[in-house]
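*Asks:* Mind having a look at this structure? Questions to follow.
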Amino acid sequence: MPRMLDVSDAVRAEIGDEEADRLLVGDNAPGSYDCTSCRTPGDSEQERTSTVLFIGDETAVLAFAHATCLPSQVVQVTEEQLQGAVRSITAEEGFGTAAPQQAVLGVTSGLVLIAGELHPALVVEPTAPIVRPGSMGVGDDFLPLLIEQGFMPLTVIESVPPVLHGWSVLLAMGQLHAVLQPGANGAGQVAWWQAHQPLQVTEGWRAAANKHQQVLMFAAPVGSIGRQPREDLLRDALDKAAANGKLVAAALPLAGT
C-alpha cells in the first residue's frame with residue numbers, strides 16, 4: 001500500500017531514484033514507526049511522514065519522523081556518533097545480516113534546583129537500547145559507555161556533579177547546537193550529539209548557563225525519563241531514575257553564548 005511519505009531531493013539524491021520510489025509505494029517503508037524526533041509512534045499509512053537519512057563516514061541509516069516534527073532531510077553525523085546510536089541486531093544462526101534498529105538520542109533542556117540554586121540541565125535519553133560499538137549483543141550499554149567517559153552514577157540529586165573536562169555544550173546565538181566530546185588521539189572536539197536544527201532554550205535557562213558557565217548533563221537508558229511537559233515532572237522522573245540506579249551526570253563547560 002502506498003505510504004504518505006515525504007522524500008526530499010537531498011534524500012533522493014543519496015539513496016537513488018529506485019530506492020526512493022520503492023519507499024513511496026510501500027515496498028521498503030514501515031507502516032508504523034517511532035518518530036526519530038519526538039519518539040512517539042507514527043503510521044506512514046495514516047499521516048504525513050518524513051524520511052530522514054543520517055550519514056556517517058561509512059554508514060547511513062534511514063529513519064522516519066512525523067512530517068509535523070521534521071522535514072525530510074539528510075543529517076551529517078560522525079561515524080562514532082552514528083555507530084553509537086545504532087543498535088545491532090544479531091541475525092539468527094549467524095546467516096545474513098539483519099537491518100539495524102536505528103536509535104536517536106532525545107535531548108530535553110530544563111532548569112534543575114540543587115542546593116537552593118537553579119542550574120541549566122540537559123537530559124539525554126535514547127529512543128532504543130544502545131549497545132557497545134562493534135558488539136553483536138542486544139543489551140543496553142548506554143550508561144556503562146558514559147561512565148567510561150567520566151560521567152558519574154547518581155543515586156540522589158543533591159549536589160552538582162563534577163566537571164568533565166574535554167566535553168562541552170555548544171550554545172550559539174542563544175540556541176543549543178551540540179554536545180561535544182574529545183576527539184580520538186588528542187584531536188579536537190567532535191559532536192557526541194548534534195541538533196537536527198538548533199534548539200530553542202528559555203531565557204531563564206540561557207541566563208543560568210551564562211551565570212554558571214557550565215551545563216549539567218543527565219543521561220538515562222531508554223524508558224527511564226520519557227518526554228515530560230513540565231520541569232517539575234522532569235525533576236520527578238530524574239529523581240526516580242537516580243533512585244533506581246539508572247542515572248549518570250556530569251557538569252560540562254559552556255562553549256559559546
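*Asks:* In whole Hz, with x marking every Gly and Pro, tabulate ³J(HN,Hα) for segment 157-169 from phi via Karplus 6.51 cos²θ - 1.76 cosθ + 1.60, θ = phi - 60°.
*Replies:* 9, 10, 8, 5, x, x, 6, 9, 6, x, 9, 7, 10
*Asks:* Eigenvalues of the Cα gyration tensor times 5, then square-rooted: what semi-axes does that give for segment 106-175, in whole angstrom, largest first? Walk me through the intermediate numbers first.
*Replies:* Working: eigenvalues 131, 51, 32 Å².
That gives 26, 16, 13 Å for the three semi-axes.
*Asks:* While we're here: Relative to 2.2 N^0.38 Å, what does the C-alpha radius of gyration of segment 171-257 come to as a ratio? Two decimals please.
*Replies:* Details: Rg = 14.4 Å, N = 87, 2.2 N^0.38 = 12.0 Å.
That works out to 1.20 for segment 171-257.
*Asks:* 5 Å is the cut-off here: which amide hydrogens, built 1.01 Å from N in the peptide plane, fall below it relative to C35, excluding neighbours closer than 5 in sequence?
*Replies:* Here the answer is T40, G42, since their amide H atoms fall under 5 Å of that of C35.
Each value in this text was obtained by applying a stated rule to the coordinates, not by laboratory testing. These numbers come from a predicted model, not from an experiment.
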